[in-house]
Every structure is written in C-alpha cells, then in structure tokens.
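The values are calculated or read from the model by the stated rules, or taken from the named source; none is laboratory data. Remember, it's a predicted structure, so these values are computed and weren't measured experimentally. Don't worry about glycine lacking a Cβ; one is built from the backbone with ideal geometry, like all the others, and counts go over all protein chains shown. Each accessible area value is taken on the protein alone, full model and side chains, heavy atoms only, with ligands, DNA and RNA left out. Shrake-Rupley method; radii C 1.70, N 1.55, O 1.52, S 1.80 Å.
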2 protein chains.
Amino acid sequence: MDGLDWIAADWGTSNLRVWAMAGDGRVLASAESGKGMGSLTRDGFEPALLELTAAWIEGRARVTVVACGMVGARQGWAEAPYRAVPCTPVDAGSGLTRPEVTDRRLAVHIGPGLSQSRPPDVMRGEETQAAGFLAAEPGFDGVLCLPGTHSKWAHVSAGEIVSFQTFMTGELFALLSSQSVLRHGLAAEGWDDAAFQHGLSEALSRPERIGAALFSLRAEGLLKGLSPVAARARLSGLLIGTELAAAKPYWLGREIVLIGAETLCRSYAAALAAQGAAARTVTSGALTLAGLAAARATLKEN
Amino acid sequence: MDGLDWIAADWGTSNLRVWAMAGDGRVLASAESGKGMGSLTRDGFEPALLELTAAWIEGRARVTVVACGMVGARQGWAEAPYRAVPCTPVDAGSGLTRPEVTDRRLAVHIGPGLSQSRPPDVMRGEETQAAGFLAAEPGFDGVLCLPGTHSKWAHVSAGEIVSFQTFMTGELFALLSSQSVLRHGLAAEGWDDAAFQHGLSEALSRPERIGAALFSLRAEGLLKGLSPVAARARLSGLLIGTELAAAKPYWLGREIVLIGAETLCRSYAAALAAQGAAARTVTSGALTLAGLAAARATLKEN
C-alpha cells in the first residue's frame, strides 16, 4: 500500500481491529474481524492478522505493527508483562513484547498492560485509551472512568496513572440479566429513567444491601407488576450505584472524564450528576488509535 | 398400599420428592425424580406425580396429596397465591390451591408461598421448612436463616413469620464461579478456611466494595498466584460477608437457627461466629416433610 508507515492493532477478547497508518498520522485504511483473543489458539494470531493486512503489506520488506489489549495476555499471542503503576500509560522504552512470526515482513510489538500491587489490580487495553486521551490533554489532572464489562477508574496526574480500580459491574449486569432468575422479569432493551434513578439512590444509600436489592426486582415483578423495562433500568442503577459508592474516593472532588460507549457513558454521567459531580464524556472510538500512535512514537525514540 | 393415609410432595424447581404417609405419621415409602417445575409444562405435572405414586394409590378411591414449593408458582401446575406476612408459615385454612386432575383418585392441594409488601419479597417452599421447625419448637423466638441459591432470613415470633429477606448469594456464587472471568482462576471444589475468613472480613468491613473485591480475585491470581482453591473460598467469604453485613438487623442479638445443607450451614455458622454470633444448625432433610404434615393437619381441621 502506498504511503504505509505502520499498522495499529486493537486486539481484545472479542474483536481485532487494524488501521493502516501513514507517516503523517493519517489513516489510510481500516479493517476488523471477530478473531479476538478469546477465540484463537496461539498459532491462530498470525493468520488472523494477515487475513486483514496481507493486501496492505504486499511487496513490503518489513512493516511495524503495534498492538494492544488481550493479545498480550497469558492466554494471548505472547505474554506482555504488566508495568506497575504509578507510570505513564504507554512506554515502548520499557520494552514491547515481540511474538514469533513466520511471515518475516511483520515486526509485531505488543504493548504491556498495567498492574497495581495494593489493592491488586490489572488492566489491558484501557491504558492505551488513557494514553490516547493524554496525547490530546497532556496536562490533565483528575480521574478517568472507563465503564464497561470491567469498569476502570484511574487517577491520572502529571502524565501518569497513579492508581486504578476495576469493578465487575458490566459483567454482573450481563450475567444477572441473561442467566439469573431475574431474566424472567427483565426486558432485553428499553429504558426507564425514573427506575434507573431509583436503583441508583437505593444502592448509594445502602450499597451493602445489593444481594437483597437484586432479589427485590424479582419480588416486585411478581407482587407489584414491576415492568420488565423498569426492572432492567433499575438493575443498571443498582449496579452502577454500588460501583459509585465504592469508587467515591476516586471521583469525589476531582475532574472526571468518562471514556466509552455513548449510551453507557450517559448513564454514568447521569448517576454522577445525581451525586453533584459533573463529568464530561469522550467517546472511545479514536482514543485507542491515538494511544497506539503514542506507543509507536516512543518506539521510534528508542 | 396398605395403611396409606396421604402423600406428601416437595416439588421444587429441579426435583420432585414424594412420601407415602401412614395415619400415625410414619413414612411408608418415598421416591424422587428430576421432574421439577422448571422442566415441566402445565400438562406434565400430573403424569410426573403419577409416575412416582401410581403403585401407592392402586385400588384407592381417593388419596390426599399435599404439595409445596415452586409447583405453586405462576409457571407451575396451578398458581397458589401468596399469603402476606406476618402470618403462620402454613395454614390450610386460608385455602390450598387445587389443580385440575384427570385421574380422579388424586386430591391434590398446593400450599401457598409467603409474600411481604415492604420491602417486597417472596418465598415458596422455605415456609414449609419453617413450619416443620416450628412443629418441633413451637415457642421459638428468633431468626431462621435458610442459606442457598436464594438465601432467606426470617424473623419468627409467637408462631408467625414476622418479616423476611431474600439474598441472591448462592446464585451469584454459581454464576460468578462458572460463567464469569473469575472461572479461570477458581477451583471446582476444595476449601481454604483462612481465605474464606479473609473474604468474609473484607466484605463485612467494606461491603460496598463487592464489585471491586470480586475483580481482585482475578488480579491476585494473575499477579500473586492466588490459588484456585483459595480463590473459591475467598469468593464464598466475600458473598456471604456481604449478605451478613446487610442481614445484621436480622441476626444481631437474636437466637439464630440455620436450616439447610450441612456444608453450607457450617460456612454460615463460622461466618456468624467470627462476628460473635452463635448459631445452631438443623439439617433441612426432615423439615419439609414435617412442614407438609403440619399443613395436612390444618387441612384436616377445616
């Protein structure tokens, strides 16, 4: 491909997304597939990458690929050891992991995730989004919240991630809404803002009651005809409220930036607003690519 | 069957268990099958009952069957409306539900579950175990805890269930240990008492942190080699600890009786003991039958 300088790869558990990058930062092309880490064995990574990029690298002697995410997990292509916070979110100088390849045109570098010793915590992928955010706002001092399957709260100061905390909120929502007894009374979609706020304030005032509050959704459906849409929104409010109650040391009195899917960020913003905390939202789409570019830049320097 | 007076049926979501009862309370025979409410459509209940009892009722004109549990749910054989607490745990006088039958020898009575208006809650089956317990200890004043998929705490006084509260503890344990990201680091069996106590005290001191404490199990497995057996016991401690934190108004300063499977009751007893609360355990095996007999007795009186 004319003008191709390097390839960026966001390689998570479920999906692989790649971008063909020009030297001046322009995106020449992009592609994606469902070949995430979770569905691949170790010898499946190189073919999955080539499937999307073979046409781009045709005729090239060597192309640098910078990848982030679960591709670097123990069960991934090659384990990229964690870097311990406090540290900058990405830093190729501390060494990117090089998986073995058959096609010698590929010079693949996998970025490490971050770890924290006390309390023990890990992230893989979110650090790259944080790097993308800091590339645009290098002086940011505050907290980044990345809601999702495993929501992350990260305290950022002086260009570094100082500390972070993961909550299983999104995974609990998925399990409870599709696998538990609550599924009988829960809509697959739809929203009820009053029900969300109800769950939120219930959880924020008595977060330890979460196990009972969850079953109440079932009981109210049986006894009081709680609608499946309201039950779904209330469940979301209960789980996000429990998260906010525990994450208070992160968000209280700090500047808050939400990074993630728009709908989910809107729920978190509403939840924080109800607590008197203002948050702005940055959609996550472009941040991973910006973070990979930041990692690529440090790679060049070394 | 010689001497058959009536048939008791414990009919839950997963199993059906029946007993052939003599007039003097002796058990003449018993049988069980996997034909619980969850696997049956409405017209499958009578055949499932006959499959186990046909030989017992051969040659009889009419036999009373008293059943409890999810058989009386909306998705069961026939909906047995809830009775509202405070009330005695069973009372046939307030009306048992009679499903339609093809085989006119069967006179089937389904006992109702209990409901509570504030906070909304329901039970089906546990009230029969409580009745069985009260048949042996009619003067009991204290709290019954029935740990399980949906753990129940019931305040009992003057022969009545005054109030109760359900926690989704067992279902959360099952979902998290087999379906979530935690499954990668969790043993299918085994126990570590220190890890259980660790999870317990962590949850009791900071119950609102449950969403973060759960992910810590994953992080400690990756970073510090937390063993799968320790992770399993810690998960149990975290979930039971969160339940105990919220159930404190029930157990604090009251006589506590645990009713359920021996291993699970032992965990709850250890957890309560660590909080300075003594509990005695009654295994649940015979209680349901005793409760069905109590329901049968009120049926006779009316």
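Could you tell me which residue of segment A:31-56 is nearest to A:Gly291 (Cα to Cα), considering only residues that are open to solvent by 40 Å² or more (accessible area, probe 1.4 Å) and hydroxyl-bearing (Ser, Thr, Tyr)?
A:Ser39
Determine whether A:Val18 is touching a helix residue (DSSP H, G or I) at 6+ places or on another chain (Cβ under 7 Å) and hydrophobic (A, V, I, L, M, F, W, C).
Values: touching a helix residue (DSSP H, G or I) at 6+ places or on another chain (Cβ under 7 Å): yes; hydrophobic (A, V, I, L, M, F, W, C): yes.
It is true that A:Val18 is touching a helix residue (DSSP H, G or I) at 6+ places or on another chain (Cβ under 7 Å) and hydrophobic (A, V, I, L, M, F, W, C).
Those residues that are out of contact with any helix residue (DSSP H, G or I) (no Cβ under 7 Å at 6 or more places or on another chain) and touching a residue at least 12 places away in the same chain (Cβ under 8 Å), I need them from segment A:271-285; list them, please. Quick ask: steps written out before the conclusion?
Going through segment A:271-285, the residues out of contact with any helix residue (DSSP H, G or I) (no Cβ under 7 Å at 6 or more places or on another chain) turn out to be A:273, A:276, A:278, A:280, A:285.
Within segment A:271-285, A:Ala278, A:Arg280 meet the criteria.
Taking segment A:172-195 as the search range and keeping residues that are outside any loop (DSSP other than H, G, I, E, B) and aliphatic (A, V, I, L, M), which one is most open to solvent (accessible area, probe 1.4 Å)? Before the answer, list the steps.
Looking only at segment A:172-195, we keep the residues that are outside any loop (DSSP other than H, G, I, E, B), and these are A:172-179, A:181-185, A:193-195.
Those still in the list that are aliphatic (A, V, I, L, M) too: A:172, A:174-176, A:181-182, A:194-195.
On the way: A:Leu172: 22, A:Ala174: 51, A:Leu175: 16, A:Leu176: 2, A:Val181: 25, A:Leu182: 6, A:Ala194: 73, A:Ala195: 12 Å².
Per the criteria, the residue is A:Ala194.
Which condition from (1) within 11 Å of chain A (Cβ to nearest Cβ); (2) out of contact with any Pro (no Cβ under 9 Å at 6 or more places or on another chain); (3) more than 19 Å from B:Thr281 (Cα to Cα); (4) buried (at least 17 other Cβ atoms within 10 Å of the Cβ) is the one that B:His198 breaks?
Looking at each condition in turn, B:His198 falls short on (1).
Give me the residue from segment A:158-171 that is open to solvent by 20 Å² or more (accessible area, probe 1.4 Å) and either of a type in the set (A, V, I, L, M) or closer than 15 Å to A:Leu238 by Cβ (or both) and, out of that set, farthest from the other protein chains (Cβ to nearest Cβ).
The qualifying residue farthest from the other protein chains (Cβ to nearest Cβ) is A:Ala158.
Could you say which residue among A:Ala271, A:Ala219 is more than 18 Å from the chain's Cα centre (by Cα) and buried (at least 23 other Cβ atoms within 10 Å of the Cβ)? Don't jump to the end; show me each part of the working.
Values: A:Ala219 fails: buried (at least 23 other Cβ atoms within 10 Å of the Cβ).
Going through A:Ala271, A:Ala219 in turn, just one is more than 18 Å from the chain's Cα centre (by Cα) and buried (at least 23 other Cβ atoms within 10 Å of the Cβ): A:Ala271.
Between residues in segment B:127-143 that are within 16 Å of B:Ser163 (Cα to Cα) and residues that are at pLDDT 95 or above and of a type in the set (Lys, Arg), which pairs lie under 8 Å by C-beta distance while being six or more apart or on different chains?
B:Gly142/B:Arg254; B:Val143/B:Arg254
Looking at this structure, is A:Ser115 within 14 Å of chain B (Cβ to nearest Cβ) and of a type in the set (Gly, Ala, Ser)?
yes
Restricting attention to segment B:251-268, report how many residues are in a strand (DSSP E or B) and either among the aliphatic types (A, V, I, L, M) or surrounded by fewer than 19 Cβ atoms within 10 Å (Cβ to Cβ) (or both).
Within segment B:251-268, residues that are in a strand (DSSP E or B) and either among the aliphatic types (A, V, I, L, M) or surrounded by fewer than 19 Cβ atoms within 10 Å (Cβ to Cβ) (or both) number 4.
Find the residue count for segment B:126-137, including only residues that are open to solvent by less than 10 Å² (accessible area, probe 1.4 Å) and of a type in the set (Gly, Ala, Ser).
So in segment B:126-137, the residues open to solvent by less than 10 Å² (accessible area, probe 1.4 Å) come out as B:127-128, B:130-133.
Still in the list and also of a type in the set (Gly, Ala, Ser): B:130-132.
Final tally of qualifying residues: 3.
Residues of segment A:237-250 being among the hydroxyl-bearing types (Ser, Thr, Tyr) and crowded, with 23+ Cβ neighbours inside 10 Å, which ones?
Taking segment A:237-250 and keeping what is among the hydroxyl-bearing types (Ser, Thr, Tyr), we get A:242, A:250.
The answer is A:Thr242, and nothing else.
Name the one entry in B:Ala219, B:Ala231 that is touching a helix residue (DSSP H, G or I) at 6+ places or on another chain (Cβ under 7 Å) and of a type outside the set (Lys, Arg). Give the steps one after another, and end with the answer.
Numbers: B:Ala219 fails: touching a helix residue (DSSP H, G or I) at 6+ places or on another chain (Cβ under 7 Å).
On inspection, the qualifying residue turns out to be B:Ala231.
With the condition being over 30 Å from B:Ala213 (Cβ atoms), I'd like the strands (runs of 3 or more DSSP E) fully within segment A:96-143 carrying at least 3 qualifying residues.
Details: elements: A:106-110, A:114-116, A:121-123.
Because the criterion is at least 3 residues that are over 30 Å from B:Ala213 (Cβ atoms), the strands (runs of 3 or more DSSP E) in segment A:96-143 that meet it are A:106-110.
Name every residue in segment B:9-25 that is under 12 Å from B:Val65 (Cα atoms) and open to solvent by less than 20 Å² (accessible area, probe 1.4 Å), in order of residue number.
Hits for segment B:9-25 are B:Ala9, B:Trp11, B:Val18, B:Trp19, B:Ala20, B:Met21.
Among the candidates A:Leu28, A:Leu4, single out the residue that is open to solvent by 50 Å² or more (accessible area, probe 1.4 Å), under 21 Å from A:Leu287 (Cα atoms) and at pLDDT 95 or above.
A:Leu28
Can you work out which of the residues in segment B:211-250 that are touching a residue at least 40 places away in the same chain (Cβ under 8 Å) and not in a helix (DSSP H, G or I) is farthest from the other protein chains (Cβ to nearest Cβ)?
In this case the residue turns out to be B:Ser227.
Go through segment B:172-192 and give me each residue that's more than 10 Å from chain A (Cβ to nearest Cβ) and more than 25 Å from the chain's Cα centre (by Cα).
Pass one, segment B:172-192, residues more than 10 Å from chain A (Cβ to nearest Cβ): B:173, B:177, B:183, B:185-192.
Result: B:Arg183, B:Gly185, B:Leu186, B:Ala187, B:Asp192.
Filter segment B:138-157 down to the residues that are of a type in the set (D, E, K, R) and either buried (at least 24 other Cβ atoms within 10 Å of the Cβ) or within 11 Å of chain A (Cβ to nearest Cβ) (or both) and list them by number. I'd like the intermediate steps shown before the answer.
Of all residues in segment B:138-157, those of a type in the set (D, E, K, R) come to B:141, B:152.
B:Lys152, the sole residue that qualifies.
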